[in-house]
Amino acid sequence: VLHQPRAGLYSAGQPDPGDWSGIAQLGVGTVINLRPEGEMAGRDEAAEVRAAGLRYIEIPVANADAITPDNARKLHEAIGSAKGAPVLMHCASANRAGGLLALAMVTEHGMDREAALAFGRKAGMKSTEAKVREVLDALPAGAKTGEK
C-alpha cells in the first residue's frame with residue numbers, strides 16, 4: 001500500500017524488487033529505507049533502487065524503540081536532501097515510517113502534536129503511535145514546538 005501524506009512524500013511497506021521503476025515513474029528521486037539489514041533477507045535493496053536510477057538512503061529503525069528524536073532528525077535531513085523532489089520512505093508495513101514521520105513533524109517542523117499524529121496515521125502509523133506519544137511526552141517543552 002502506497003500512502004501519500006502530502007504532495008511529494010510517499011510512505012509504504014516493503015516494495016517488491018520489481019516495483020522500483022514504477023516508483024520512479026511517480027517522480028520519486030529518493031528512497032529512504034528504514035528497515036535494518038537484518039530484516040532485508042539478503043536483498044540488496046540499495047542496488048535495486050540505484051539500478052532504477054533512484055537515490056538510496058538507509059536509516060535503520062529496528063523497532064518502535066528506535067523512533068527517537070535523533071532518528072527523526074535524520075529522516076528530516078534525508079527528506080530535505082531531496083531538495084523538494086518526491087521521496088518514498090518505507091519500512092516493512094509503513095508503521096515505523098509513519099511513526100517516525102509524526103515525530104519529525106513535531107521536533108523538526110514544530111507541527112502541533114495532534115496534527116502530527118494525524119499526519120503519521122495518514123503515512124501508515126498504527127501500533128507505533130503509542131511510542132510516538134511516549135517520546136513526545138518526554139520531550140523538553142521547547143522541542144515540542146520545533147525550537148532548537
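Here are the numbers for the structure shown:
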{"read-out": "Label-to-label distance, nm, for residues given as D112 and A62 (7 Å Cα→Cβ offset)", "value": "3.8 nm"}
{"read-out": "Kirkwood Rh, angstrom, the chain [1 / mean 1/r, Cα pairs]", "value": "15.1 Å"}
{"read-out": "Non-local Lys pairs in the stretch 30-148, i.e. 8 or more apart or on different chains, that have alpha carbons under 20 Å apart", "value": "6"}
{"read-out": "Using alpha carbons only: equivalent-ellipsoid semi-axes of the stretch 1-73, gyration tensor based, whole Å", "value": "20, 16, 11"}
{"read-out": "Residue-span extension gain [A141 to K122] - 0.36 nm each, minus C-alpha spacing", "value": "4.3 nm"}
{"read-out": "Full-extension gain in nm, A85 to D19, via 0.36 nm per residue minus C-alpha separation", "value": "21.9 nm"}
{"read-out": "Å² per residue, accessible surface of the chain at 1.4 Å", "value": "46 Å²"}
{"read-out": "FRET efficiency for R43 and V1, using Cβ-Cβ distance with R0 set to 25 Å, rounded to 0.05", "value": "0.80"}
{"read-out": "Percent accessible area from carbon and sulfur atoms, the chain, protein chains only, probe 1.4 Å", "value": "53 percent"}
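The values are calculated or read from the model by the stated rules, or taken from the named source; none is laboratory data. On a predicted model such as this, the values are computed, not experimentally measured, just so you know. Don't worry about glycine lacking a Cβ; one is built from the backbone with ideal geometry, like all the others, and counts go over all protein chains shown. The area values use the complete protein model at the heavy-atom level, side chains included, leaving out ligands, DNA and RNA. Shrake-Rupley method; radii C 1.70, N 1.55, O 1.52, S 1.80 Å.
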